[in-house]
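See structure below.
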Amino acid sequence: MPESPDARLIERLRAGDEHALACIYDAFCTRMYRTAVGLCGSRTDAEDAVHDTFVGLWKARGTIGRIDDLTAYLFASLRHAVWRQTLQRKRRDSIAATLEHRAEQIRTGQRSNPRYDLQELLESLPADQREIVVMKIYGGLTFAEAALALDISPNTAASRYRYALSKLRDMLAADEAQHE
C-alpha cells in the first residue's frame, strides 16, 4: 500500500523540516481560518487560534504519533485552540469590563478613596506587560500583531498578557475584599 502524501509530510515535519510545516500551512490555513471565525465569531481570535494550532504542531513535531488523517488532526487541534481562545477572550473581556467600571465609578465619584484608578492599575504592571495589555485590550491587536510591534515572539506576548491579567485580577480581588 503506497504511503499517502500526508504521511510523507508528517514524517518530514517530525524530522524538523520547516518546508513541510509551510506546505501544511499553505494547504490548510484558509479553511482553518474560516472555520475558526465561524467557531469563535471573532477574526482576531480566529487568527490567534490558527496561529496557536500551527505553533503547537511545530512544537509537538518530535512527539507526534501516527496521524491517520491530517485534516482531522488539524481541525481537532484548531477546535481546542478556539476553546482556549474563547476562555482567554472571556477573561480579557471580564478584566476590561472591570477596569472600565472602575474608571466610571471614579469619574462619577461613586467610590470614595478608591484604591486604584485605571491608570494606576496599568502603571502597577511591569512595562512589558502593560504594553501587551494596552495593545490587546485598547488596540485590539492579535498576539501576532502585538508581537511584531514589540519585536518579541507571539508566545512571549501571550505569556506576558496572561501574567498581567493574573496580576490585575489579584489586585482587583484584593481591592474588592478590602471594600466589602
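The values are calculated or read from the model by the stated rules, or taken from the named source; none is laboratory data. Since the structure is predicted, the reported quantities are computational estimates derived from the model, not experimental observations. Ideal geometry is used to build each Cβ from the backbone, glycine not excepted, and the neighbour counts take in all protein chains shown.
I'd like the residue in the stretch 16-48 that is in a loop (DSSP other than H, G, I, E, B) and at pLDDT 90 or above and, out of all such residues, is surrounded by the fewest Cβ atoms within 10 Å (Cβ to Cβ).
Gly16
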Can you list residue pairs whose Cβ atoms sit under 6 Å apart, with the first residue in the stretch 60-88 being closer than 13 Å to Ile24 by Cα and the second being in a helix (DSSP H, G or I) and of a type in the set (A, V, I, L, M)? Count only pairs 6 or more apart in sequence or on different chains. Arg61/Leu13
Unique match (being under 20 Å from Ile10 (Cα atoms), acidic (Asp, Glu) and at pLDDT 90 or above) among Asp52, Asp68: Asp52
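Here is a check on your reading of the model: is Arg12 surrounded by 15 or more Cβ atoms within 10 Å (Cβ to Cβ) and touching a residue at least 24 places away in the same chain (Cβ under 8 Å)?
Numbers: surrounded by 15 or more Cβ atoms within 10 Å (Cβ to Cβ): yes; touching a residue at least 24 places away in the same chain (Cβ under 8 Å): no.
The answer is no for Arg12.
Filter the stretch 139-180 down to the residues that are of a type outside the set (A, V, I, L, M, F, W, C) and either closer than 21 Å to Tyr33 by Cβ or not in a helix (DSSP H, G or I) (or both) and list them by number.
At the first step, the residues of the stretch 139-180 found to be of a type outside the set (A, V, I, L, M, F, W, C) are 139-140, 142, 145, 151, 153-156, 159-163, 166-167, 169-170, 175-176, 178-180.
If the condition is that a residue be of a type outside the set (A, V, I, L, M, F, W, C) and either closer than 21 Å to Tyr33 by Cβ or not in a helix (DSSP H, G or I) (or both), then Gly139, Gly140, Thr142, Glu145, Asp151, Ser153, Pro154, Asn155, His179, Glu180 are the ones that fit.
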Suppose the filter is at pLDDT below 75, in a helix (DSSP H, G or I) and surrounded by 13 or more Cβ atoms within 10 Å (Cβ to Cβ); does Ile106 pass it? yes
Which residue is farthest from Phe54 (Cα to Cα), if the candidates are limited to the stretch 119-155 and must be within 14 Å of the chain's Cα centre (by Cα) and surrounded by fewer than 15 Cβ atoms within 10 Å (Cβ to Cβ)? Gly140
